[in-house]
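First up is the structure itself, then whatever we jot down about it.
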Amino acid sequence: MALDGQFCTFFVRGLFLGLEVTCIQEVIRYQPLTVVPLTSPVIAGLMNLRGQIVTAIDLRHRLGLAPRDPGVRPINVVVRASDGPVSLLVDEIGDVIEVEEAAFERPPDTLGPEARGLIRGAYKLKGRLLLVLDAARTLDSDTEN
Amino acid sequence: MSDDMDDVVREFLGESRENLDQIDVDLVALEQSPDDGSIIARIFRAIHTIKGTCGFLGFTRLEGVSHAGENVLSALRDEEIAPTPVMTTVLLAMVDVIREMLVRIEATGDEGAGDYTVLIQQLTELYRGGAPQVGPTGTPGVEMVVGPPHDAIVMVSPTSPPVIVAPPAPSIVAAPAPPAPPPGSPPTIDASAGPAHAEVAQVETSIRVDVALLDKLMNLVGELVLARNQIVQFTGANGDATFIGATQQLNLITTELQEGVMKTRMQPIGNIWQKFPRVVRDLARACDKRVELVMEGESTELDKTLIEAIKDPLTHLVRNAVDHGIETPERRAASGKPPVGRLLLRAFHEGGQVNVEVIDDGGGLDAERIRDKALERGIISPDQASRMGERELFRLVFLPGFSTAAKVTNVSGRGVGMDVVRTNIERIGGTIDLHGKRGVGTTIKIKIPLTLAIIPALVVASGDNRYAIPQASLVELVHLEGDRARDGVELLYGVPVYRLRGKLLTLVYLADALQDTAPSASDADDVSIVVLQADDRQFGLVVQAVHDTEEIVVKPLGKHLKGTPVFAGATIMGDGRVALILDILGLAKHTRVLAEGHERGRIDTAAAVVGAADDRQTLLVFATPDDGRMAIPLSRVARLEEFPRGVVERVGRELLVQYRGEIMPVVDLNEMLVERRVAPRANHTAAASPLIQVVVFSHHGAHVGLIVDQILDIVENSLANPRPAGRPGVLGTVVISGRVTELLDVEAVLHRAQPATAWNEPLQLAASNEESAHGA
């Protein structure tokens, strides 16, 4: 279960989260989104990524966190998925960091229902915990609630 | 041999070569994982295709070899025999023999007179579960040096001189002298002259380009367009003359480049239909049947990848229809049908999808026979069978290994086919549906998403969002202002309706349907109604604003949005923002304008369409000056407009209107037609009206307007057997909605609008149209 290697890190409402660098396509600043009516609230909208239409998922919604203040513009972490890129909206982007396998630990069983399955575990870093997201499950909006 | 034939053969050669390359790879892969059923199935289908096609083309030897191979693969697929290394060797040898024959066919147009009985014997032995003696030492007759798949393989057989085949580049050395070519065949290349000649035949004016490369180009052009837009905006603010000039140049070139790149991916579906007349003819002959093939919508454009993807499935469906669907003339006569069967291929854009239909008026599907067959094959249990409805039973046809053909014929009936068709269609995100009625015919409907297809669409606004409506669903636009906006929309037990030419039109508010936060359009000063066609029903979509029509590039929605019923896709607008494309059928169902079960009712009509589809047309009906009625095909109409009377300017003998940034010539119907009565038109009130109604035609990129007294209705009507015309400018007379209606000659209008221009072509067309109408 433990993962060694480099992680792209970001912040969502104070949570320090990470995804393997290998599954990240790019990180770009906020892009105007086209809202899709009649769909799950997790879907923030569609954006134009250099001619490609990419679905954006609001990570706050996905993790069951309080919504962002209207004035704050999120950042797109574009993740490679099996059928094209998907963007995750995060509050702030962090560094790419290297972690050691020994520092990994599985999440406690008391994890909240929204985050269960999405968080694979944590790396015990100096002074804080890096929560590792399961990319595939995070992108799968069907499992939501 | 006609050119037609050449095309068919050339296509067969190219296709088979690709198939053979794949088989090579697959056979080797099969040795690694002998239990992988999907590999066996793929090899089987490839060989099946080759066998089927060479059957039509009359390459009997090739057919014999591939048939023997197919038997082995069929047994493999059904797990009657297990794969062995010897089997792989023999099958690879078969691939090489087929390849050798293809090379010969390409060079000489003939499959040659090689003797392949030994190979066929080996294959037959494998099929029966035996293990033929094969190896470097060889069985009598065939000696093989089997190496890695792409090594040259030398084959020696006692009856023909040695032939060396070196895949993939075909090169023939010392082939036997080709037999005398059939008369009319292309110049025969002397095979012994060397490989250079054999390759000449492959040189063509087109080249193959990887679709992935086109995709990349497309995306790059998309980025270029956005960069262009930014530069154009920037130039507007900083007006330096030279810079503006360069920007305009950039603008033009970008647009042209964008169009060019898009075009590289689009092909009319007619490209793959071309070969069907021959396929149908040959097959009908082989089955002693008489079949008339009718094709509609050949020019419907599809993305290249989609064209490729539906080619094989369509071929299967067409073969099936002729082989299983349409009955022999005797049986047709016995059941009171005309002896010649009808096979209709139809393609059209609808609701943001490409629809392709294969409709035959043959024996139809027999639900009971399907049930029996499924029971016999153990596909369903008797308990399941008793609970299945007709539709569910029909769907069984799409399962692997299912065939209702009474006997395995040369052409079809091996149970390959419908499952392949479904697999291929579903792979590109399409759906296939099958309707039918015993004794009446079968209708197969394929719906393919418009991945990357370009369609004209109307852009409308709701709140901050824009939505694109495919033009194919669009009937007309109605704009209500002032009092009419307040009083025009009435409520029928809570359901908003509008009286459109006396008929009630159900209204749907887009903002409500999408649960948009935008203010409801109902309390606005003006009301824009987009009249849409969903199936056989019309409804009005009330939108906040109507923008322009645009050619849009349709992009599919990601998997997260696949389940959304009302959107068919998305597109990128000129400013780089994403706009959603409305799925009109989905919207109609979502808002319950169309009942869910509605499609059931259409099964029977679909079959009935076979007889009537050719002469029914959607017509625009309007009043003539002498209180008569006239109609034109709606397909010729670009737009319907209403102008204040004052905007029409007379320049010399011409009437002109400034229209959408161009000068549009207009023709007044009153002036154009020679009236039959000179009596004052008591009924003619239009002259007093401040507004004129204009039908706009699009012709060779320009617009031409026709001023009519009053637009009355849009109807679907048969145009069969018109009465000859009574005056010039009219093609004939038919009865529409109980009134005698003249069919206006659109070409005559266009000609009259601009007689001086070089529109000779439509002129002649008009003349011949008139002739035929008079002759009818």
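Taken together, the criteria exclude B:Val593 from residues that are away from chain A (no Cβ under 11 Å), touching a Pro at 6+ places or on another chain (Cβ under 8 Å) and modelled with pLDDT of 80 or more.
With the structure loaded, tell me whether B:Gly297 is out of contact with any Pro (no Cβ under 7 Å at 6 or more places or on another chain), surrounded by 18 or more Cβ atoms within 10 Å (Cβ to Cβ) and touching a residue at least 12 places away in the same chain (Cβ under 8 Å) or whether it fails that test. Break it down into steps so the answer makes sense when it comes.
Numbers: out of contact with any Pro (no Cβ under 7 Å at 6 or more places or on another chain): yes; surrounded by 18 or more Cβ atoms within 10 Å (Cβ to Cβ): yes; touching a residue at least 12 places away in the same chain (Cβ under 8 Å): yes.
Spelling it out, B:Gly297 is indeed out of contact with any Pro (no Cβ under 7 Å at 6 or more places or on another chain), surrounded by 18 or more Cβ atoms within 10 Å (Cβ to Cβ) and touching a residue at least 12 places away in the same chain (Cβ under 8 Å).
Here is a yes/no grid of residues against (1) modelled with pLDDT under 80; (2) charged (D, E, K, R):
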position	(1), (2)
B:Met1	yes, no
B:Asp6	yes, yes
B:Arg10	yes, yes
B:Leu13	no, no
B:Gln32	yes, no
B:Ile50	no, no
B:Phe59	no, no
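Candidates are the residues of segment A:76-88 that are assigned to a loop (DSSP other than H, G, I, E, B) and within 12 Å of chain B (Cβ to nearest Cβ); the one that is modelled with the lowest pLDDT is A:Asp83. When A:Glu114, A:Glu105, A:Glu98 are checked against the criterion of being at pLDDT below 85 and not basic (Lys, Arg), a single residue qualifies: A:Glu114. The residues of segment B:546-565 that are modelled with pLDDT under 80, surrounded by 16 or more Cβ atoms within 10 Å (Cβ to Cβ) and more than 7 Å from chain A (Cβ to nearest Cβ), listed by number, are B:Thr549, B:Glu550, B:Ile552, B:Val553, B:Val554, B:Pro556. Among the residues here, B:Ala457 does not qualify as in a strand (DSSP E or B) and either within 14 Å of chain A (Cβ to nearest Cβ) or loosely packed, with under 12 Cβ neighbours inside 10 Å (or both). Please work out which one of (1) surrounded by fewer than 19 Cβ atoms within 10 Å (Cβ to Cβ); (2) outside any strand (DSSP E or B); (3) free of Cβ contacts under 8 Å to residues at least 40 places away in the same chain; (4) not aromatic (Phe, Trp, Tyr) is the condition B:Asp525 fails and give its number. Status for B:Asp525: all satisfied but (3).
Can you list the helices (runs of 4 or more DSSP H) lying wholly within segment B:28-127 that have 1 or more residues being more than 26 Å from B:Lys311 (Cα to Cα)? So the answer is B:60-77, B:85-108, B:117-127.
How about segment B:460-469: which of its residues are in a strand (DSSP E or B) and within 13 Å of chain A (Cβ to nearest Cβ)?
Kept after step one, since they are in a strand (DSSP E or B), are these residues of segment B:460-469: B:460-462, B:465-469.
Correct list: B:Ala461, B:Ser462, B:Asn465, B:Arg466, B:Tyr467, B:Ala468.
Here A:Arg120 passes the criteria (1) away from chain B (no Cβ under 14 Å); (2) within 30 Å of A:Pro32 (Cα to Cα); (3) part of a strand (DSSP E or B); (4) under 13 Å from the mean Cα position of the chain (by Cα) except the one numbered (2). Only a single item in (1) farther than 30 Å from B:Ala212 by Cα; (2) part of a loop (DSSP other than H, G, I, E, B) is not met by B:Glu298, and it is number (1). Among the residues of segment B:503-525, those identified as at pLDDT 85 or above and either under 23 Å from B:Val715 (Cα atoms) or more than 14 Å from every other protein chain (Cβ to nearest Cβ) (or both) are B:Lys503, B:Leu504, B:Leu505, B:Thr506, B:Leu507, B:Val508. Reported count of residues in segment B:94-111, each being in contact with a Leu (Cβ under 7 Å, 6 or more places away or on another chain) and surrounded by 23 or more Cβ atoms within 10 Å (Cβ to Cβ), is 6. Of the residues B:Arg342, B:Arg371, B:Arg331, the single one that is under 21 Å from B:Asp419 (Cβ atoms) and not in a loop (DSSP other than H, G, I, E, B) is B:Arg371.
Listed by first and then second residue, the pairs linking a residue in segment B:414-428 that is at pLDDT below 75 and surrounded by fewer than 21 Cβ atoms within 10 Å (Cβ to Cβ) to a residue that is among the small types (Gly, Ala, Ser) and in a helix (DSSP H, G or I), with Cβ atoms under 7 Å apart and 6 or more places separating them unless they lie on different chains, are B:Arg414/B:Ser74; B:Arg427/B:Ala309; B:Ile428/B:Ala309.
Across segment B:195-223, the number of residues qualifying as assigned to a helix (DSSP H, G or I) and either within 21 Å of A:Gly84 (Cα to Cα) or modelled with pLDDT of 80 or more (or both) comes to 13. Please work out which residue is nearest to B:Pro456 (Cα to Cα), limiting yourself to segment B:320-367 and to residues that are touching a Pro at 6+ places or on another chain (Cβ under 7 Å) and either of a type in the set (D, E, K, R) or crowded, with 22+ Cβ neighbours inside 10 Å (or both). Among residues in segment B:320-367 that are touching a Pro at 6+ places or on another chain (Cβ under 7 Å) and either of a type in the set (D, E, K, R) or crowded, with 22+ Cβ neighbours inside 10 Å (or both), the one nearest to B:Pro456 (Cα to Cα) is B:Gly352. Within segment A:37-56, one or more residues are of a type in the set (D, E, K, R) and at pLDDT below 90. Checking every residue in segment B:20-42 against the condition of being within 20 Å of B:His316 (Cβ to Cβ), surrounded by 24 or more Cβ atoms within 10 Å (Cβ to Cβ) and under 30 Å from the mean Cα position of the chain (by Cα) gives at least one match.
The values are calculated or read from the model by the stated rules, or taken from the named source; none is laboratory data. Here the structure is a predicted model, which means the values were calculated and not measured. For neighbour counting, all protein chains shown are included, and Cβ atoms are generated from backbone atoms with ideal geometry for every residue, glycine included.
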